[in-house]
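What follows is calculated from the coordinates using simple rules that are stated; it is not laboratory data. The structure displayed is predicted, hence computed values, not measured ones. Glycine also receives a Cβ, built like all others from the backbone with ideal geometry; neighbour counts cover every protein chain displayed.
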Amino acid sequence: MRFILKIQILILLNFVFQNDILGQFANKMWYFGEQAGITFNTIPPSTLTNGQLQAYDNTSTITDTSGNLLFYTNGITVWDKNHNPMPNGTGLGGNLSAGQSTLIVPQPNSSKFYIFTVGYASADAFRYSIVDLALNSGNGAVTTKANIIFNGSTEKIDAIYNPSDTSYWVMTHTWNTNQYYCYKINYQGLQISTPVINSIGSINSGGNPTGYNALGQMTFSEDGSKLVTAIYYDGKIEIFDFNVATATLSNPIILTGFYQPWGIAISDNNRFVYYTEWFDSKVIQLDIISGTPSTIIGSKTTVGTGTFPNTTSGYKIGYLERGPDAKIYIAKFGQNYISCINYPNLSGSACQFVDNAIFLGTKTCNAGLSRLANTPHNVYCYRDYHDSIYICFGDSVLLNGKNYHAPFSFSDTLLASDGCDSIMHYYLFNSILPSIDLGNDTSICNGDSIKISAGIGFNSYLWNTGSINQSIIINSGGQYWVSVKDSLCSNSDTINVTNNSNSSQSINDTTICNGDTYTIKLNPSYSYQWWDGSLFYENNLTQSGFYWVQIIDNCKTYTINFNLSIKDCNCNIFIPNVFTPNNDGINDFFFPVISCETYDYHFIIFNRWGQIIYESSTQALKWDGTFENKEVPEGVYFYILSYKIRPEDKKLTSKVGSVTRLK
């Protein structure tokens, strides 16, 4: 950022000296409106009252570099320097209400000039006429007129000088297409058969009434690097980069949501676009430095409001035009004043909008002013040149060995060989940092991945992962940051991503005693839906059956199925003290008689020497009085029985006793 001042001074020096060498024509006089006029041969500009034309919209006037009038036109008639209609100078094919209805473009190295015209809205053709100033004793005459280049034009014309081959490009837009047609004028004349066609931006069609999307100003920037156009009924402003050597448009920025945008102008530093809306009195500034539509629209600032004491039938602020003094002038419909922006390169109110800037005397302005092809020789002797320098927050500008931070202002004097010295006023501002937002901190589930995006519209991206893409895909938690850069500054944002583990809840099959309640309590952090429609994390069960619950945690949705059994816990146990295993079908087996199902059942029988002769863990099994497949002798035997009535019982119940075996 420390080289901005040096670069801008070199650009201005080159601009002044180049114009001094190539200078032939200028726009130091304007004739427009109801016989209104102003001259830039005085400082400040002053009123002219000798004009003859009448026009509702824009006109075109050309002078030599000394400010001497050559001729002017409203697109229907052309008047010479003596304010007389030129021979054959009527019926040029234009329309008094055709927006940018006419434009004068010189033919290089020739006494000839082209007058281009369009019709009202979309109803007519793009035409040209030729003026030869070598005729009629140097006053000029029209040699050919109203020649159709193509049918179906819009109300848009502008032209720019091409220094690569000292030619001009004449730009217009066709109706019902998205095509800009650009025609070259070189020393041989108009190259009508070989236009450069750019299909870019919006289709110009429709409107209400039909054809109103042909309305709205189109203009080149002073250096020819940008083209800006308004589309009236659709409420759009479109900005393009323009390659003056090849006549190609690129990098469209489409801005929407405006109400009937009408006049358009762009500051010399290509940072600010100014526009008006028909039937409104405001002049509005847009900061286009970011190149991002939402940021540009968010910068919308009303820098001035015109006053309209004279009756206007609802018409108010009109077209805008850059003057040879680098100020932007604004038409005021039906008024005997025009407005002005003194310092278009400055932001907001610093640009200094002046409502009643130039008095027109008894003459009045309508919707337009006077326009001329943007030429390298269209120079005005600057007395004060104001420009703004934007630097990133924390950066500085090096001046005379010292670093200066914004906000700051300074002045310098630029000496010119022609004595037209200029005072350079520079204003140092902090640029708006690019707006970057990765969103709120979030989480990720095991095995999943998520996309983190920094958004579109930045010149470059750098993530802490090393990626230089607009977005990254992550599959694990952590802290992630990205640094983005627009055309000037950088900014960054960070997002924290936490890992979410899948919940692992379960409900086992369970048995409860008759009359008891089985209470299930799950994690209250999650969402639930039970078989009965309940959504609470807790449920109470008293009936046997098969049940289910759906669980929605941070990562997934799953269902648990389980069974609840009911048992009679009033359990009676009877153990006989004698049995007769003689196969008579009566009392042949010894076993505990239990009226309920038990748990952890264990039954052991010993002989009188302590030897285990029978053991079982199954409640339904019975001892048949044998040991190792042989009948045991008559006598007394001892047993131990242990069990649980309920599975959740913590302790076993035990019973001991004896039984007598008889035959």
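Order 525-536, 545-556, 274-285 from most to least packed using the mean count of other Cβ atoms within 10 Å.
Ranked from most to least packed, the peptides come out as 274-285, 545-556, 525-536.
Only counting other Cβ atoms within 10 Å, I'd like T559, T229, T77 sorted with the fewest neighbours first.
Listed from fewest to most nearby Cβ atoms, that is T559, T77, T229.
Mind sorting L398, L428, L369, L488 by how few other Cβ atoms lie within 10 Å of their own Cβ, fewest first?
Ordered by Cβ neighbours within 10 Å, fewest first: L398, L488, L428, L369.
Of the labelled options [x] 27.0, 83; [y] 46.6, 159; [z] 31.2, 98, which one gives Rg and Dmax of the Cα atoms in Å as computed for this structure?
Recomputing Rg and Dmax of the Cα atoms in Å here gives the entry labelled [y].
So, by mean Cβ neighbours within 10 angstrom, what's the order for 509-519, 343-353 with the highest one leading?
My ranking of the peptides, most packed first, is 343-353, 509-519.
When only Cα pairs under 8 Å and 6 or more residues apart are kept, what is the percent relative contact order across the range 573-661?
The value is 31 percent.
Counting other C-beta atoms within 10 Å, and keeping those with at most 13, which DSSP coil chymotrypsin sites (Phe, Trp or Tyr not before Pro) do you find in the range 594-630?
The qualifying sites are W609.
So if I take the centroid of the Cα atoms in the range 126-187 and the same for the range 311-345, what is the distance between those two points in Å?
For the range 126-187 versus the range 311-345, the Cα centre distance is 25 Å.
With unit charges on the beta carbon (Lys/Arg positive, Asp/Glu negative), name the residue among N491, I253, S60 whose Cα is farthest towards the positive pole of the charge dipole of the chain.
Of the candidates, S60 comes out farthest on the positive side.
If Lys and Arg each add +1 and Asp and Glu each add -1, what is the summed charge of the other residues whose beta carbon sits under 14 Å from the beta carbon of Y31?
0
Can you tell me the order of 150-159, 83-92 when each peptide is scored by its average per-residue count of other Cβ atoms within 10 angstrom, highest first?
For the peptides 150-159, 83-92, the packing ranking is 150-159, 83-92.
With angles folded into 0 to 90 degrees, how steeply does helix 4-22 sit against the dominant principal axis of the chain? Use alpha carbons for both and round to 10.
So the inclination is approximately 30 degrees.
Would you mind working out the magnitude of the charge dipole of the chain relative to its Cα centre, with +1 at each Lys and Arg C-beta and -1 at each Asp and Glu C-beta, to the nearest 20 Debye?
600
Along the Cα-to-C-beta direction of R608, a point sits 7 Å from the Cα; which residues of the range 623-644 have their amide N less than 16 Å from that point?
Answer for this model: 632-639.
With point charges of +1 on the Cβ of Lys and Arg and -1 on the Cβ of Asp and Glu, referenced to the Cα centre of the chain, which listed residue (N440, S290, N356) lies farthest in the positive direction of the dipole?
So the residue we want is N356.
How much net charge surrounds N523 when only the other residues with a Cβ under 13 Å from the Cβ of N523 are counted, with Lys and Arg +1 and Asp and Glu -1?
-1
Quick one: which residues, 5 or more positions from N464 or on another chain, have an amide H under 5 Å from its amide H? H modelled 1.01 Å from N in the peptide plane, none for Pro or chain starts.
Here the answer is W481, since their amide H atoms fall under 5 Å of that of N464.
For a label point 7 Å from the Cα of Q529 along Cα→C-beta, name the residues of the range 546-563 whose backbone N is under 20 Å from it.
Within reach of a label on Q529: 546-562.
Among bridges DSSP assigns within the chain, what percent are antiparallel (round to 5)?
Around 90 percent antiparallel, to the nearest 5.
Looking at the range 442-500 only, what percent of DSSP beta bridges run antiparallel? Nearest 5 please.
Of the beta bridges lying entirely in the range 442-500, close to 80 percent run antiparallel.
Using a simple charge model, +1 on the beta-carbon of Lys and Arg, -1 on the beta-carbon of Asp and Glu, nothing else, what dipole does the range 624-663 show about its Cα centre, in debye to the nearest 20?
The calculation lands at about 260 debye.
Name the residues whose placed amide hydrogens come within less than 5 Å of the amide hydrogen of I613, ignoring near sequence neighbours (fewer than 5 apart) on the same chain.
I605, F606, N607
Could you tell me how far the Cα centroid of the range 224-243 sits from the Cα centroid of the range 41-70, in Å?
First find each Cα centre; the distance between them is then 27 Å.
Exposure proxy check: R127, R371, R661 ranked by fewest other beta carbons within 10 Å?
Lowest count first: R661, R127, R371.
Report the Cα centroid-to-centroid distance between the range 524-562 and the range 626-658 in angstrom, as an integer.
Here the answer is 42 Å between Cα centres.
Length gain on complete extension for the stretch D600 to S616, per 0.36 nm per residue less the alpha carbon to alpha carbon distance?
That works out to 4.7 nm of additional length.
Along Cα→Cβ, 7 Å out, is where each label goes; now give me the distance between the ones at S313 and F279 in nm to one decimal.
Distance between label points: 1.4 nm.
How much net charge surrounds L215 when only other residues with a Cβ under 13 Å from its Cβ are counted (Lys, Arg +1; Asp, Glu -1)?
Charge balance in the 13 Å sphere: -2.
Under a straight-distance cross-link criterion of Cα-Cα below 24 Å, which lysines are reachable from K145, leaving out those fewer than 8 residues away in the same chain?
K81, K112, K156, K184
For the chain, build the charge dipole from Cβ charges (+1 Lys, Arg; -1 Asp, Glu) around the Cα centre, then report which of T276, N147, P344 sits farthest towards its positive end.
N147
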